[in-house]
1. Given the Cα-Cα distance of residue 156 and residue 175 and 0.36 nm per residue of separation, how much length would full extension add, in nm?
2. Out of these labelled values of Kirkwood radius over Cα pairs in Å, (1) 20.3; (2) 22.6; (3) 21.4, which was calculated from the coordinates shown here?
3. Any chance you could check the Cα centroid distance between the stretch 57-126 and the stretch 194-235 for me, in angstrom?
4. Looking only at 194, 222, 206, which one moves most when the chain is put into a Gaussian network model with springs between Cα atoms under 10 Å?
5. Under the 0.36 nm per residue contour assumption, what length would be gained going from the current alpha-carbon distance of residue 140 and residue 292 to full extension?
6. Taking 7 Å along the Cα-to-C-beta vector as the label spot, tell me the residue 38-residue 22 distance in nanometres, rounded to one decimal.
7. Report the gain in length on full extension from residue 228 to residue 99: 0.36 nm times residue separation, minus Cα-Cα distance, nm rounded to one decimal.
8. Of 250/301; 151/180; 180/304; 180/301; 180/205, which ones are farther than 23 Å apart at the Cα?
Amino acid sequence: MSVASTPPSILLADGDDRSREVFGSFFQRRGWQYDVLQDSRMLGSVLDRTPYDIVIADVEMPGVDALQVLTDVLRKHPTQAIIAVSNEASYDDALTFFRSGATDLLARPVDFMWLERVVQQVVCSRRNDERERLSYAFVTSERTEMRFSCKDVIELDTVPLPIVGRLQAVGALDQNEAIKVRLAVQEAVLNALEHGNLGLESAWKEEFQANGEDRFAAVRRERLLDPAYSERSIFVGVSYDGGVLEIRIKDEGQGFLNLQGAQARRGPQDVSCSGRGLALMSSAVDEVLFDRNGSEVTLRKATKRARRA
């Protein structure tokens, strides 16, 4: 997959030799340009000299206060996309980093398929076509409905959200907001695909077969070949009205939250879920609403147009 006509530029800050080797091998296979920094405390000075599309930083280097480094970097470079890498990515840890300005927080072992999606969204947002600015500055409302099968989602890899690019182009969303909204939607769509339509359970990732493959990956592959699962639909509805962006993702699964009625419509701080995915969604938008026991999620965000009103 190509994220852009010009390869993304990446600065990797990682003090572990083996980790740098794994990341470097992945970057090389993708044809991405990257430089390596072994001490994240030097991030600020390096970014002062050389711009990068993305910084990927290990946040558990010995003797390094990662949150302070992140804060210092973003104070000087507020639009810099930073992907933090940690041995854990619990809801609380992820939310802390997201609120400090990180674009994403990935747990080891790194899911390189997801990392590629993040890079794609970052690059698309940073290189957004400015020609859209003139026409979209006058749009006050818009509505789009999309329907995908599970196979469509796999083939597309990311769900297109042109409205986010247009809102960014006219200044209704800044670059970091646009990136996080895109990632939040991709996270919700991936949940709809895997936990909704395919009925996969996260606990299966810890169950390994004789060939070393985890049960989650094995069942995922099998069900994507079974029309009873792969032809199930994922609906994405996007609306923009009064300066408020609303994105609704609905699958045809049984849901994964033990919630009923109004309780299911509370924000993420009130539901009995955890993990970096939920933290990502709740940090990217103003409101996350769950319905139909989790098989429908609505993301709402007031843009700068609404905030000025």
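Every number in this text was worked out from the coordinates using simple rules, so none of it is lab data. This structure is a prediction, so every number in the text was calculated from the model and none was measured. Cβ coordinates were reconstructed from backbone atoms using ideal geometry, including for glycine residues, and neighbour counts include every protein chain displayed.
1. Computed gain between residue 156 and residue 175 is 4.5 nm.
2. Checked against the structure: label (1).
3. What the calculation gives is 28 Å, centre to centre.
4. 206
5. Contour length minus Cα-Cα distance gives 51.7 nm.
6. So the label points at residue 38 and residue 22 sit 2.0 nm apart.
7. Extending this stretch completely gives an extra 42.4 nm.
8. 151/180; 180/205
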